[in-house]
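Report on the structure given below.
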Amino acid sequence: MDEACMLHDIAYTNKDSGARQKADLELLKMAKRRLKSEDARKGEKNASWIVKNAMKAKFRAGSGIKAFKKRIKKYSLS
């Protein structure tokens, strides 16, 4: 899981949103694999569960989609 997170961080140095979304997807897939893995310890499974849910929430929130950001600005209270 550490290696997958490191590769995700490296991919985020790229400014291209498509590459970032691909990195998010890869991290989500790796987290799901580690959750189902028989050889993963409890701590790694917990970390994988957190990462999986964070990536799913990010996708549901729009993960960098401009239309979503505009909606947030439109409804902000400031």
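Among the residues of the range 29-61, write down those that are of a type outside the set (A, V, I, L, M, F, W, C) and either closer than 20 Å to GLY18 by Cα or modelled with pLDDT under 90 (or both). Passing the criteria: LYS29, LYS52, LYS56, LYS58, ARG60.
The residues of the range 1-25 that are within 26 Å of LYS36 (Cβ to Cβ) and aliphatic (A, V, I, L, M), listed by number, are MET1, ALA4, MET6, LEU7, ILE10, ALA11, ALA23, LEU25. Residues in the range 13-28 that are of a type outside the set (A, V, I, L, M) and surrounded by 13 or more Cβ atoms within 10 Å (Cβ to Cβ): ARG20, GLN21, LYS22, ASP24, GLU26. Taking the range 5-20 as the range and being of a type in the set (Ser, Thr, Tyr) and in contact (Cβ under 8 Å) with a residue 12 or more places away in the chain as the test, only SER17 passes.
The values are calculated or read from the model by the stated rules, or taken from the named source; none is laboratory data. In this text the structure is predicted, and so the values were computed from the model without any measurement. With ideal geometry, Cβ positions are generated from the backbone for all residues, glycine too; neighbour counts draw on all protein chains shown.
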